[in-house]
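Comments concern the structure below.
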There are 2 protein chains.
Amino acid sequence: MQPPRILESFDELQLGQEFDFGSITMQLEEILAFARQFDAQPIHLDAVAAAGSIYGGLIASGLHTQSACFGHVIRSRIFEKISMGGSGMEINWPAPVRPGDEINVSLRIESLTPSRSKPDRGIVKHCITGRRVPDGQVLIEIRGVMFAKR
Amino acid sequence: MQPPRILESFDELQLGQEFDFGSITMQLEEILAFARQFDAQPIHLDAVAAAGSIYGGLIASGLHTQSACFGHVIRSRIFEKISMGGSGMEINWPAPVRPGDEINVSLRIESLTPSRSKPDRGIVKHCITGRRVPDGQVLIEIRGVMFAKR
């Protein structure tokens, strides 16, 4: 596990490499604001309804957790010079995120494939993991495919 | 293809059923606001840098397109009475979304599995598709897994 740095090329990456981006906190006000705009369900917005749900209280929209963790990686600027965008993403939410949860964000390089047709780039598969601080419970896994400059 | 209605039970759904939610428009200001908060990359925020990129101009964050299309489905209240939350999602972005793009949002039921262990619910796999108006180009596919009350 290493701190992020601004990468210059696809070729700097190594299979299995892991970066630790520190943590973010999911504040109640941000959870409500995101849900109002993008995921207006009672479990994200209505404390009384949420208390009576299978979750037993308000939880963050999974899309909010995804955006917050992904945004935290982007803000580190690790991929600023090499990213050519992505084509897909796969998300799992093994456990709910509650207001005030602190989430440690890390990223692991899962595969590295130089492009056959375009020698200026490679295909990176990575997994961003959000773990609850302090117990380490995995709250989200985001597997992404990115095209990266060489 | 049918308009959405508020569903009462998992058992109302049919394999292959499709719902049309009408369209949303991806406004420049909303694209910038989302990117500032969750995906601060030059291709989403800096018109000059974006013009020099492989995209030839500003494009929306894929997470924004995902959130906007998903949020549009949720706002229809179709799943309000039956959703017990979801465990995962898979997203593909076959083509970029540009400021002012109008996106038609539809949803197709891809599989329906009654839970073996919990007779009060079923597992729904669905695909939300966002197509550019008027040419029909697919801009996003969101495959999701939802637990639904019976």
Q | Matching residues in segment B:35-44 - criterion: being more than 8 Å from every other protein chain (Cβ to nearest Cβ) and hydrophobic (A, V, I, L, M, F, W, C) | A | B:ALA35
Q.
Return the residues of segment B:1-41 that are more than 19 Å from B:VAL133 (Cβ to Cβ), among the small types (Gly, Ala, Ser) and surrounded by 15 or more Cβ atoms within 10 Å (Cβ to Cβ); say none if nothing qualifies.
A. B:ALA35, B:ALA40
Q: Could you list all residues from segment B:106-150 that are assigned to a strand (DSSP E or B) and among the small types (Gly, Ala, Ser)?
A: B:SER106, B:SER111, B:GLY122, B:GLY130, B:GLY144, B:ALA148
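Let's see how each residue does on (1) of a type in the set (A, V, I, L, M, F, W, C); (2) within 30 Å of A:LYS118 (Cα to Cα):
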{"site": "A:ILE6", "(1), (2)": "yes, yes"}
{"site": "A:GLY22", "(1), (2)": "no, no"}
{"site": "A:GLN27", "(1), (2)": "no, no"}
{"site": "A:GLU30", "(1), (2)": "no, no"}
{"site": "A:ALA33", "(1), (2)": "yes, no"}
{"site": "A:ALA51", "(1), (2)": "yes, no"}
Q: Scan segment B:108-145 for residues that are in contact with a helix residue (DSSP H, G or I) (Cβ under 6 Å, 6 or more places away or on another chain) and within 15 Å of B:SER83 (Cα to Cα) and jot them down.
A: B:GLY122
Q: Residues being modelled with pLDDT of 95 or more and over 15 Å from A:MET89 (Cβ atoms): count how many of those fall in segment B:128-144.
A: 8
**Q.** Set A:ALA40, A:ALA33: member being farther than 15 Å from A:GLU141 by Cα, without any contact (Cβ under 8 Å) to a residue 24 or more places away in the chain and in a helix (DSSP H, G or I)
**A.** A:ALA33
Q. For segment B:91-105, how many residues are assigned to a loop (DSSP other than H, G, I, E, B) and either touching a Cys at 6+ places or on another chain (Cβ under 9 Å) or within 14 Å of chain A (Cβ to nearest Cβ) (or both)?
A. 6
Q. Is it fair to say A:ASP46 is more than 24 Å from B:GLY62 (Cβ to Cβ), acidic (Asp, Glu) and crowded, with 21+ Cβ neighbours inside 10 Å?
A. no
Q) Hey, among the residues in segment B:45-74 that are more than 21 Å from B:GLU29 (Cα to Cα) and either part of a helix (DSSP H, G or I) or touching a Leu at 6+ places or on another chain (Cβ under 7 Å) (or both), which one's nearest to the other protein chains (Cβ to nearest Cβ)? A) B:ILE74
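The values are calculated or read from the model by the stated rules, or taken from the named source; none is laboratory data. The structure displayed is predicted, hence computed values, not measured ones. Heads up, the Cβs are rebuilt from the backbone with ideal geometry, glycines too, and the neighbour counts pull from every protein chain shown.
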